[in-house]
1. Counting only heavy atoms of the protein chains, get the accessible area per residue of region 235-320 (1.4 Å probe) and round it to a whole Å² value.
2. Spin-label point model (7 Å from Cα, Cβ direction): what's the ALA134 to ALA272 distance in nm?
3. Counting Lys and Arg as +1 and Asp and Glu as -1, each charge on the Cβ, what is the dipole of region 158-280 about the Cα centre in debye, to the nearest 20?
4. Where a ≥ b ≥ c are the square roots of the eigenvalues of the C-alpha gyration tensor, would you call region 179-231 rounded, which needs a/c under 1.5, or, failing that, prolate if a/b is larger than b/c, or oblate?
5. Non-local amide H neighbours of GLY89 (under 5 Å, H modeled in plane, Pro and chain starts lacking H): which ones?
6. Heavy atoms only, probe 1.4 Å: what % of the accessible area of the chain goes to carbon and sulfur, would you let me know?
7. Report the FRET efficiency, 1/(1 + (r/R0)^6), for ALA104 and GLU67, where r is their Cβ-Cβ distance and R0 is 22 Å, rounded to 0.05.
8. In whole percent, what relative contact order does region 12-138 give with Cα contacts below 8 Å and a gap of six or more residues?
Amino acid sequence: MTDLADMAAQLRSHPSIRSKLGISRATRALGLSSQSTGKVGDDAAVLPRAGGFDLLAGEGFIPAFIEDDPWFAGWCAVMVNLSDIAAMGGRASAIIDQVWAPDAESAAPLLQGMRDASAAYGVPLVGGHTNLAAPALGLAASVFGKANSLITSFDARPGDLMIAVIDHRGSYRNFDNFCAALDAPSDRLQGDLDLLPAVAEDGLTCAGKDISQGGIIGTALMLAECSQVSIDIDQSAITPPLGIAHERWLRSFPSFGYLLSVAPENANTLCARFCARDIDAAAIGRVSKGSAVTLSDHGETALFWDHGQTPYLDLGTCHA
């Protein structure tokens, strides 16, 4: 096995990649598919309205993450929801929380993390659900937003360039979570998020996804399956932050990170928007016909996943 094939195999078997397989089990139980109301498979549910779109998204957190760093879990409950709305070309309006804890003292770090992130990003917390008699800490949050022009998971087209937009000004906080937000001033956080709806409204892209716990490679697979295309990721075009191995960077969850499918004639203009704010933006691959997500490096290619042979999200048919 070549080094590239070995890397593809390691990524394919990693828990952060394989955890997304649970999505199909939940959607089947709910009788949902990509054709259902809200377009399941996107970063947020899309509800068309006169003049635009309403967006709804939510996040829940695994117990180990909450226990390891409850304040950061609270912060992330806000941050990742806002990222999902931005990934759709939207602007967030409000957040609600769902907190479970044995008592008020245990809940305090979670709530403070959410409050701090709400202030930093300028999006209000407007209530939610609280239980202070639970056996353990639990956390989820939901967000409401609006979009004028959409970026969706379903519109990547053969011939597009795959652009990775990631803020490298950070470090790992815990697990494979690369955070570039905690030391950033509020105006920068808010201005950076507003780049996504701006490039959508200016017609520079209409397809993409927030880089999630599956990292660059897992997010590319979800985007490829939703759009029913192949995506080749050129490992040599990816430059991780100093000291981070390619394999870890490909599966990492950056606090500000997006994959955008962009027509070649728009790529330079789009990348320049992000680079002007010191956010790394570069073409790391191409979209083509087919169903394979591959890694390539100087002429060598290795298959990561073929969603036509082995569905990942498996959202094509409603299992009512």
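The values are calculated or read from the model by the stated rules, or taken from the named source; none is laboratory data. Source: prediction; values computed, not measured. Every residue, glycine as well, gets a Cβ built from its backbone with ideal geometry; the counts of neighbours run over all protein chains shown. Each accessible area value is taken on the protein alone, full model and side chains, heavy atoms only, with ligands, DNA and RNA left out. Shrake-Rupley method; radii C 1.70, N 1.55, O 1.52, S 1.80 Å.
1. On the way: 4000 Å² over 86 residues.
Dividing the accessible area of region 235-320 by its residue count gives 47 Å².
2. Simple spin-label model gives 4.8 nm for this pair.
3. On the way: 8 positive and 17 negative charges, 66 e Å.
The calculated dipole for region 158-280 is roughly 320 debye.
4. Numbers: a/c = 4.71, a/b = 1.47, b/c = 3.20.
The shape class here is oblate.
5. The answer is ILE151.
6. Working: 7040 of 13220 Å².
Result for the chain: 53 percent of the exposed heavy-atom area is carbon or sulfur.
7. On the way: r = 17 Å, r/R0 = 0.80.
The formula returns an efficiency of 0.80 here.
8. Result for region 12-138 is 22 percent.
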